[in-house]
Amino acid sequence: MRKIFVNTDNPYEIIVHKGIFEYCDEIIANFFDSRNTVIVTDETVYKIYGKIFKDKLLKKGFKVGVFVLKAGEQSKNLNNLSSLYHFLSESEITRDDFIIALGGGVVGDLAGFAAASFLRGISFIQIPTTLVAQVDSSVGGKTAVNIKSGKNLVGAFHQPSLVICDPDLLSTLSSRVFCDGMGEVIKYAVAFSESLFIKLLNQANIYDILEEVICDCINCKKNIVEQDERDLENRMKLNFGHTVGHAIEKYNNYTKITHGQAVSIGMVYIMQQGEKLGITKKNETEKLKCILKKFKLPTNTCISWEDIFTNSLGDKKRRGDNITIVTVSEIGKSRLLTLSLDEYKNFLSC
Ligand SMILES: NC(=O)c1ccc[n+]([C@@H]2O[C@H](COP(=O)([O-])OP(=O)(O)OC[C@H]3O[C@@H](n4cnc5c(N)ncnc54)[C@H](O)[C@@H]3O)[C@@H](O)[C@H]2O)c1
Ligand SMILES: [Zn+2]
């Protein structure tokens, strides 16, 4: 069993272990004094894992409410958040009690924001069930819902009290959802860890090293979050590939292309341009492409640089006439580069 301690303002532990889900009820019973909880999950996850989990908690003497969302990004909205508040209230959840987020990033973000805001903040546990959630969204305390004007626009920083991460839960993911998560895993490798990159490149079967890879990614994120919990500077490096990636998602109206695929193209685009401008070491982009192809992720786009530019203007790393992008000098080493919008245009089009 690996334990990763995250030293944020409210510190917490992430337990990573294949098969640990089996013992979740015991861990939770030892962790909290409260015996009243609400599990937030989605329909797909509830069918596979939620029902068994609820029964285990009931056997341990918990009073358990279950709030089930429809699966998918559309569920991360204010209506569901409002229904969840009512459900928590009806379930007599008090400030001594806690919420359990059992699911992917959608469940984690919505349940986390409910925990951040209900009764001005209660505890919550993350049990992430997708690769994205295990390596990214369950760590770092960003919680949010989407509104009509955009994704994640209403949210809060609220760290979980505990994260229980079982790589075995990923065995039921579709290969599309799994590969999408690999986009984020590769992002960590390229931006922060050459050794992780080499590991991914050399291993024939990712499942043989999954627990180790997940821990490597969590450690990358933990190090960044501990330095910059509120996303004021260095945490922006976690957005490597995301400025162009988000522009591609926006251009496609968040259809056709998944987040991981868009980030994959975004990383290649930034590295390619970086090579042309001498910011990135020669031939690094080829190495990146090679690893992305291994996980069936796309590496190019037919969207013009003008459209990428226009669709980048709403990026959260834009401040007035400047935009900060994440570049890579060589695999494992990223840095922030603040450009004027004209310079950014030149960067994209050179
Ligand atoms: N808070 C953060 O720091 C952060 C970071 C990255 C992403 N996010 C957010 O995370 C969300 C994306 O997360 P996601 O990719 O996990 O999507 P998701 O939660 O929608 O899950 C993807 C699909 O996988 C299914 N699923 C989940 N676990 C499963 C399992 N074990 N077996 C079978 N099916 C399973 C779900 O039902 C869903 O259909 C986005 O809303 C994004 O904004 C947040
Ligand atoms: Zn992402």
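Wrap a convex hull around the Cα atoms of region 184-268, take a quarter of its surface area, and give that in square nanometres. List each step's numbers first, then the result.
On the way: hull surface 25.2 nm².
Average of the hull's projected areas for region 184-268 equals 6.3 nm².
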note = Of the DSSP H helices in the chain, the ones reaching 15 Å or more along their long axis in Cα terms and averaging at least -1.0 in Kyte-Doolittle hydropathy are 78-90, 105-117, 175-192, 210-227, 259-276, 284-294
ask   = Which semi-axis lengths, in whole Å and largest first, follow from the square roots of five times the eigenvalues of the Cα gyration tensor of region 175-349?
value = 24, 18, 16
request  = Would you mind calculating the relative contact order of the chain from Cα pairs under 8 angstrom and at least 6 residues apart, reporting the percent as a whole number?
outcome  = 15 percent
key: Mean Cβ count within 10 Å, highest first, over the residues of peptides 9-15, 147-153, 49-55   = 49-55, 9-15, 147-153
query = Which aspartates and glutamates does Lys333 reach when only Cα atoms under 20 Å apart count, and residues fewer than 8 places away in its own chain are ignored?
reply = Asp136, Glu184, Glu194, Asp216, Glu226, Asp228, Asp231, Glu233, Glu275, Glu284, Glu286
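For region 2-172, what is the charge dipole size about the Cα centre, in debye to the nearest 20, if Lys and Arg each add +1 at the Cβ and Asp and Glu each add -1 at the Cβ?
Working: 18 positive and 18 negative charges, 41 e Å.
Using Cβ point charges on Lys, Arg, Asp and Glu, region 2-172 gives about 200 debye.
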task = Give the span of the chain's Cα atoms along each principal axis, as three whole-Å numbers ordered largest to smallest.
result = 63, 42, 36
task = Between Lys345 and Lys316, with labels modelled 7 Å along Cα→Cβ, what's the label distance in nm to one decimal, could you check?
result = 2.8 nm
ask   = Taking amide H positions as placed 1.01 Å from N in the peptide plane, with prolines and chain starts having none, which residues 5 or more places from Ile303, or on another chain, fall under 5 Å of its amide H?
value = none
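Note down the relative contact order for region 166-275 as a percent, whole number, built from C-alpha pairs under 8 angstrom at least six residues apart. Kindly include the intermediate steps, with their values, before the conclusion.
Working: 89 pairs, mean separation 30.8, N = 110.
Dividing the mean separation by the residue count of region 166-275 yields 28 percent.
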remark   = Flagged as over-length at 30 Å C-alpha distance, from Lys76/Lys287; Lys148/Lys276; Lys151/Lys187; Lys18/Lys148, the pairs are Lys76/Lys287; Lys148/Lys276; Lys18/Lys148
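What percent does the relative contact order of region 1-89 come to when contacts are Cα pairs within less than 8 Å and at least six residues apart?
It comes to 23 percent, rounded to a whole number.
When ranked by the protection proxy of mean other Cβ atoms within 10 Å per residue, highest first, what sequence do the peptides 122-131, 211-220 form?
Values: 122-131: 26.6, 211-220: 21.3.
My ranking of the peptides, most packed first, is 122-131, 211-220.
Values quoted throughout were computed directly from the atomic coordinates according to the rules given, and no laboratory measurement underlies them. Since the structure is predicted, the reported quantities are computational estimates derived from the model, not experimental observations. Here Cβ is always computed from backbone atoms with ideal geometry, including for glycine, and neighbour counts include all displayed protein chains.
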